[in-house]
Structure formats: structure tokens, C-alpha cells
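One structure is given below, encoded as C-alpha cells.
The values are calculated or read from the model by the stated rules, or taken from the named source; none is laboratory data. Bear in mind the structure is a predicted one, so any value in this text is a computation, not a measurement. For neighbour counting, all protein chains shown are included, and Cβ atoms are generated from backbone atoms with ideal geometry for every residue, glycine included. Side chains included, ligands, DNA and RNA excluded: accessible areas come from the protein's heavy atoms. Shrake-Rupley method; radii C 1.70, N 1.55, O 1.52, S 1.80 Å.
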Amino acid sequence: MNWAEFFAMGGYGKFVWSAYGAAAIIIILNIVLPLRRHKKVLQMLRELLKMKERE
Amino acid sequence: MNITKYAAPVVFYPLAGKLIPWFAWATAITLAVGLIMGLFIAPTDYQQGESYRIMFIHVPSAWMSMLVYVVMATAGAVALAWKTRLSEMLATACAPVGASFTLIALITGSIWGKPMWGTYWVWDARLTSELVLLFLYLGFMALQASIDDPRRAARAAAILALVGVINIPIIHFSVEWWNTLHQPASVSKISAPSIHPSMLWPLLINAAGFHLFFATAVLIRMRTEVLIRERHKSWIADIIGTKP
């Protein structure tokens, strides 16, 4: 089996790869976005804490 | 050992922080094995050719879309009954992850439907009830976002989740109760599966990978929930002052 044949998926390449691609994007976003939000919330709370300490 | 002590946010937060990298690595390794087996090793289907390989992500994500809903509704019920904060946060964290699994099941199913059925979409019982599931998740999230007081928001959303549980058996049995384009289950808990082991293994390994991914994603979201909901507690100040 060569790679071109593998990616062609017996003529169903565009269906198979768009399905796997969509799933991969949704799964990766589900890790990246919550991690980013967690960092943002941490940062925000740190700034709030600093403001409180100054008061 | 008293397991309820882990339900205290102050205990849960650092513990989850330690667990997340392990779950993330286990997810990556499991899904890599499942992908290699599903895309390279599993043989070509004699009826559907290579297009059937979409099944290896479609079926596990459809299973997870229902499982996550049951987890979410159960956590909501526990929160309603015992007013436990961590179960409220679990329900909240489940919703976007469950919606994502539902979306994956709908998208991959739709793409698979085009070459096999000749259409991306039909309004039949299985597809429609799965779409209703997506709207239940979105409704849960919208309802919770629309109420300012987090405890009242969690209670209202939990009631919505519980009412929506009725949709789960409808999805499951839809292929038996109604005439549909969708094929009935190939893997059943009661009888032997009607698919060959060479195709069953990548399916089950991907399903395991999706469970691990669910754990990873939910733990990350729950930690953020803990930070937001417990921000006035003194232990939060201790944690954010020192650790990332």
C-alpha cells in the first residue's frame, strides 16, 4: 500500500478525512480553550488579590 | 477511607491538577493506538469499502454523547438532593464536553451518510433525537448562563437536565421503534457483537480513548469552576499566590 492509495481511501478520502478532521478539531479545541480560560481566570484572580492587598 | 472528602473543592483542586496530565497522556496514547488500528490495520469492509472507517469515531462519540448526558443529569440530581457544590460544578463542566461529543457524532454521521445513504441528513428518529440532545446541552448551558446566582443557576439547569433524560432511551431505541435509514446497533451488551474482532478492537480502543478525553476535559473545566465559585475563600488566595 502506498500513501496516495491510503489517502484516497478507495475513493472515500474526502468523506473519511473530513470526518476525522472535524472530530480532531473539536477534540483539540476542547482541551486548548478550557486551558486558556483557566489561565485567564487565574490571572484575573491574581490581579484582584493584588488590588485587595493594596487597599 | 472516606471518599466524600475528595468532594471538598479545597481537596479536589490540587488533586485534579495532578491527575490531568496523566489523563491527557493516556488519552493521547489510547487514541493514537485506536487511530492506527482503525485506519491501517482494520480490513476494508466488503459492503461499504473504506468509508466505514468513519464508524471508529462516529460510534464512540455517539455513545459518549449519551453517557455524558447521564453523568451530567446524575450530578445535577445529586446537587439538587444534597446541595453538594462539586457535583454542581461537575454538571456544569459536562455540558460543553457532551455537546462536543454530540456535534462529532452528528457531523461524522452526516459525512458518512452522504456516500452511503445519498444524503447528509434525513429527519428520521435517530438523527432527530440526537439533534434534540445537542439542543438539550445548549439549553442547559444557556439557562445556566442566564441566571446570575450560581447556585440557583445550577439548580434550574439540573432540573432541565433531569427532564431531558427522557430523550436518552428515545435515542437508544429509536432504531428499533421507528423505521429509519440508520442501521441498528452492531455492538450490544447482551449478545455477541455482529462485527469482526479486527473492526471491534479499534472501536473499543477509541471508545476508551474518548472516556479518557472526557475525564481530561471535565477535570480542566471543573478546576476553573472551582476557582470562580470559591474565589472568596482564603485557600484560593493561598493557591493562586504561589502556584500557576
### Summary
Subset of segment B:156-179, residues polar (S, T, N, Q) and either surrounded by 15 or more Cβ atoms within 10 Å (Cβ to Cβ) or under 14 Å from B:F135 (Cβ atoms) (or both), comes to B:N167, B:S174
### Query
So which residues in segment A:1-34 are facing another protein chain (nearest Cβ under 9 Å), surrounded by fewer than 18 Cβ atoms within 10 Å (Cβ to Cβ) and in a loop (DSSP other than H, G, I, E, B)?
A:M1
### Summary
Subset of segment B:103-134, residues β-branched (V, I, T) and at the interface with another protein chain (Cβ under 10 Å from one of its Cβ atoms), comes to B:I104, B:I107, B:T108, B:I111
### Task
Go through segment B:62-110 residue by residue and tally those that are farther than 20 Å from B:I159 by Cβ and open to solvent by less than 10 Å² (accessible area, probe 1.4 Å).
8
### Query
Has segment B:3-20 got at least one residue that is over 30 Å from B:W112 (Cα atoms), touching a residue at least 24 places away in the same chain (Cβ under 8 Å), in a helix (DSSP H, G or I) and open to solvent by 50 Å² or more (accessible area, probe 1.4 Å)?
yes
### Message
Given (1) over 29 Å from B:H172 (Cα atoms); (2) open to solvent by 40 Å² or more (accessible area, probe 1.4 Å), identify the lone condition not met by B:A28.
### Response
(1)
